[in-house]
Amino acid sequence: MTQTVETKLKIESWDEQPTSEFADGTKISKADVILNGEGVVTAGRSQSLLFYRADGTSAFVVLMRVEATLDGHSGAFVLSGTGRYDGTTARQELAIVDGSDLMVFAVSAVPRSANPRTRTTRTCHSVSTTTWGEQV
C-alpha cells in the first residue's frame, strides 16, 4: 500500500560557517540545520555545503536525517539532494538514500521530480521538493 504524507518542518536553528572565501567574492560554507515538525515527520537534521556566487545566489548539496512515525511505527531515514537559491527563493530536491531506511516499514526510492514547482513528500517512497520564500 502506498501512503502519501505532506508535512511542514520548522527551522529551529541554522548554524552556517564559511569554510573558504575567495578574492572574487565567492565562498563555500557549511550549514548545520535542526528542524522540528508536527505529525508524521517529527524532526530532521541537515548538513549542507553551499557555494555562494558574488551576487549572493548559491547552489548547495544536502544530507538530511528525518525522524518519522507512520501508522504507529517510528524510525528514521536519510535524504540527499541538491538545491539552489536565486536571491529570493531557495529550492531543494531530495530523495531517500538507499540503505538508510531505519524505519520498521520498507523504504524504496522513486526518481526525483523533474518539475521543481512540484511539492511532494512521500515518506517511504520519497520524492521530496522543498521551496522557501514563495507560496506554491
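Packing-based ranking of 32-43, 57-68, 14-25 yields 57-68, 32-43, 14-25, ordered from highest to lowest mean Cβ neighbour count within 10 Å.
Spin-label model, THR69 to THR26: label points 7 Å out along the Cα-to-beta-carbon direction sit 4.6 nm apart.
Only the coordinates and a few stated rules stand behind these numbers; no lab work does. Everything numeric here is computed off the predicted structure, so don't read it as measured data. All Cβ positions, even for glycine, are placed from backbone atoms using ideal geometry, and neighbour counts span all protein chains on display.
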